[in-house]
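In what follows, a structure is listed as structure tokens, so that the remarks can point back to it.
The values are calculated or read from the model by the stated rules, or taken from the named source; none is laboratory data. The model shown is predicted, which means the values in this text are computed figures rather than measured ones. Cβ atoms come from the backbone with ideal geometry, glycine included; neighbour counts cover every protein chain shown. Ligands, DNA and RNA are stripped out before the accessible areas are found, and what is left, the full protein with its side chains, is counted by its heavy atoms. Shrake-Rupley method; radii C 1.70, N 1.55, O 1.52, S 1.80 Å.
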Amino acid sequence: EVHSANVLHRDMHPGNLLIAGKNARVIDFDCAKLDGFLDLESYLGVMIGIEDYRAPERRSGLVSLRSDVYSLGTVYYRVVKKLPQDEAGRNIRKILDKATKPRPEERYQDCLEMATDIQLVIDGKNLD
């Protein structure tokens, strides 16, 4: 929902995800900004967020919805280190591989697009 309003979180990491049962919520929006607007990070060259989860393009001052996709994909990779070798596990790997591509244009457009593929896997459908 946040990405549909063009809001960039810019600080996705496990500590900013609240998980209750099957539901997950992103919290702590103190580093958030509207996509397309100049901010102090860009202006002053100060890096916001935890480096281990920061998208590669952030080092050069570029930030987009796809930067959040990369960060969330990195979080998921660390959470699901050992996926089953069944079809669902392979599909989740495909999703995470796409989410964490080094080049932003190869990633999902936003977290909503990524969530759509995750829901397909939950529903037992194959990603091709």
Point to revise | Options 76, 43: the member that is over 13 Å from residue 8 (Cβ atoms), open to solvent by less than 80 Å² (accessible area, probe 1.4 Å), at pLDDT below 90 and in a helix (DSSP H, G or I) | key: 76
Check your understanding: Can you name every residue in the range 79-94 that is assigned to a helix (DSSP H, G or I) and surrounded by fewer than 19 Cβ atoms within 10 Å (Cβ to Cβ)?
Key -> 79, 87, 88, 89, 90, 93, 94
Check your understanding: Any residue in the range 64-72 that is surrounded by fewer than 19 Cβ atoms within 10 Å (Cβ to Cβ) and without any contact (Cβ under 8 Å) to a residue 60 or more places away in the chain?
Key -> no
Exercise for review: Please state which one of 106, 57, 87, 51 is modelled with pLDDT of 80 or more, touching a Ser or Thr at 6+ places or on another chain (Cβ under 8 Å) and farther than 18 Å from residue 2 by Cβ.
Suggested key: 57
Revision key, fill the gap. Residue 18: passes all of (1) at pLDDT 80 or above; (2) in a loop (DSSP other than H, G, I, E, B) but (2)
Exercise for review: Being surrounded by 14 or more Cβ atoms within 10 Å (Cβ to Cβ), of a type in the set (Asp, Glu), without any contact (Cβ under 8 Å) to a residue 60 or more places away in the chain and not in a strand (DSSP E or B) narrows it down to one of 97, 28, 52, so name that one.
Suggested key: 28
